[in-house]
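Some notes on the structure that comes next.
The values are calculated or read from the model by the stated rules, or taken from the named source; none is laboratory data. Quick caveat, the model's predicted, so the values are computed rather than measured. Note that we place each Cβ from the backbone using ideal geometry, even for glycine, and neighbour counts take in every protein chain shown.
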Amino acid sequence: METETFVKLTLGKARGPDTTLRNLLVRPVALKAGPHHAFVWRHDKRDVTKNLSTNAAATEIERLLGTDFLDAHIFTTTQTAQLECQPDGTARLKVSHNTETTASKRPAHDQPKQHLIAADSSWLRALGITNDRGRPREAMADKFNQIQKYSELLTHLVNEAKFSADQRLRIVDMGAGKGYLTFAVAALLGDRATVSGIEARPELVALCNRVARENNFANLTFTAGQIDSFEIENSKSGIQNSLDILIALHACDTATDDALAKGIAAGAKLIVVAPCCQKELRRQLIAPPVLTDALRHGIFQERTAEFVTDALRAQLLEWTGYKTKVIEFISTEHTAKNLMIAAIKTHERGDNAVAARVREFAKFYGIRHQQLAAHLGFSLGV
């Protein structure tokens with residue numbers, strides 16, 4: 001870390017008290033406060049991210065090695081090493097040396113940072129995210145970071161969904177906006193997927209289609225339309241126009257529910273949403289007696305409404321047969337809208353135990369109506 005040759009670290013074989021914890025990923029990040037290291041704790045249904053200074057990061061890793069985690073893989077610009085610890089305190093270390101190139105011999109701060117989406121991609125420049133030198137424009141630095149984080153998360157989710165290697169994926173991005181993340185999906189998956197961006201504003205649709213043509217995106221098109229009126233065929237019908245992945249990022253309020261309902265009805269195997277402006281339930285909230293004093297404050301009402309809305313969405317997805325996880329989309333230093341719900345279809349809908357828990361949750365907060373529940377014909381029973 002001190003010599004800036006550190007690339008990433010993965011800690012595995014978790015054996016701490018939290019049985020949902022699977023592994024820990026550590027990588028360097030450049031923050032306004034200076035060099036830090038991002039720790040991503042991967043659980044069964046959520047990821048937790050924390051940024052630590054170099055000294056704090058080294059101390060935390062030293063504490064975790066051989067205690068909470070028995071396996072470690074470290075990657076540097078010159079070496080790769082694996083540490084295998086045993087419960088009895090013994091350990092085995094394997095080290096391999098990377099073949100050095102001219103680039104790897106340069107000081108680390110002179111090397112261009114490697115991204116899933118190359119910074120010099122022509123479409124990034126066409127959309128105004130990077131300049132002619134392939135560097136993020138100052139005003140678009142947060143958006144550039146968001147694109148990279150999103151690409152990393154989507155790669156993991158697509159792998160986790162276990163699509164067939166030769167399967168051509170059909171992806172719909174509902175509420176595509178200016179297309180930043182829609183282009184990222186198309187660039188990330190290439191010929192493996194056809195991507196459709198749905199956007200209500202015709203001028204943005206025209207702009208994105210022009211950029212797609214000029215940058216040779218044969219697998220990407222944009223269409224003008226509203227989320228609630230856009231029709232998608234069900235994949236079970238065997239029709240060519242079926243859907244594999246539905247994405248809806250920052251669709252406002254109940255538009256997220258409309259998108260979720262479309263994905264569920266179409267039989268999408270993977271659904272990824274980043275909710276925004278969760279207003280529907282705030283006026284319905286009836287504070288349980290223990291929360292009455294706290295929820296008289298507007299800011300707590302707003303945050304509770306956001307929590308209840310997205311928790312209810314995650315539970316309804318589980319009832320419909322999806323395995324869900326709620327994760328941090330990107331650090332709050334880049335955007336306040338940083339929550340993502342990811343769902344992978346694993347079984348059929350209708351688990352009575354899950355339905356009972358959903359109704360108990362709604363009853364606790366006095367929720368009588370919720371848009372996704374209404375789309376699904378699910379009675380909250382309050």
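Odds and ends about this structure:
- The set of residues in the range 190-220 that are hydroxyl-bearing (S, T, Y) and either in contact with a Phe, Trp or Tyr (Cβ under 6 Å, 6 or more places away or on another chain) or within 22 Å of T256 (Cβ to Cβ) (or both) contains only S196.
- The range 183-214, residues that are among the acidic types (D, E) and part of a helix (DSSP H, G or I): D191, E203, E214
- Unique match (being of a type in the set (A, V, I, L, M, F, W, C), out of contact with any Ser or Thr (no Cβ under 8 Å at 6 or more places or on another chain) and without any contact (Cβ under 8 Å) to a residue 40 or more places away in the chain) among L83, L64, L70: L83
- From the list A336, A294, the lone residue that is at pLDDT below 95, hydrophobic (A, V, I, L, M, F, W, C) and closer than 18 Å to K279 by Cα is A336.
- The listed residues are R359, R303, R349, and the only one of them that is in a loop (DSSP other than H, G, I, E, B), basic (K, R) and either at negative phi or not assigned by TED's automatic domain parsing to the domain that holds E280 (or both) turns out to be R349.
- Residue in the range 125-141 that is small (G, A, S), over 19 Å from the mean Cα position of the chain (by Cα) and under 23 Å from S242 (Cα atoms) present: no
- Residues that are touching a residue at least 60 places away in the same chain (Cβ under 8 Å), part of a helix (DSSP H, G or I) and in contact with a helix residue (DSSP H, G or I) (Cβ under 9 Å, 6 or more places away or on another chain), drawn from the range 145-181: Q146, Y150, L154, V158, L181
- Within the range 131-144, the set of residues being without any contact (Cβ under 8 Å) to a residue 40 or more places away in the chain and either among the charged types (D, E, K, R) or over 20 Å from L31 (Cβ atoms) (or both) comprises N131, D132, R133, G134, R135, R137, E138, K143.
- Inside the range 273-308, residues that are of a type outside the set (A, V, I, L, M, F, W, C) and surrounded by 15 or more Cβ atoms within 10 Å (Cβ to Cβ) make up a count of 8.
Residue by residue, here is whether (1) part of a strand (DSSP E or B); (2) in the same structural domain as M340 (by TED's automatic domain parsing); (3) over 30 Å from A311 (Cα atoms) holds:
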site	(1), (2), (3)
R22	yes, no, no
P35	yes, no, yes
V40	yes, no, no
N51	yes, no, no
T67	no, no, yes
A72	yes, no, yes
F75	yes, no, yes
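- Hey, F217 outside any strand (DSSP E or B), of a type in the set (F, W, Y) and either in contact with a strand residue (DSSP E or B) (Cβ under 9 Å, 6 or more places away or on another chain) or under 17 Å from G175 (Cα atoms) (or both) or not: yes
- Of the residues A212, A224, the single one that is in contact (Cβ under 8 Å) with a residue 24 or more places away in the chain and buried (at least 22 other Cβ atoms within 10 Å of the Cβ) is A212.
- Any hit, the range 89-100, residues being modelled with pLDDT of 85 or more, within 20 Å of F329 (Cα to Cα) and not small (G, A, S): no
- In the range 14-55, the residues that are within 23 Å of E84 (Cβ to Cβ) and out of contact with any strand residue (DSSP E or B) (no Cβ under 9 Å at 6 or more places or on another chain): P17, T19
- Looking only at the range 250-272, and only at residues there that are closer than 12 Å to V172 by Cβ and not small (G, A, S), the one that is farthest from the chain's Cα centre (by Cα): K262
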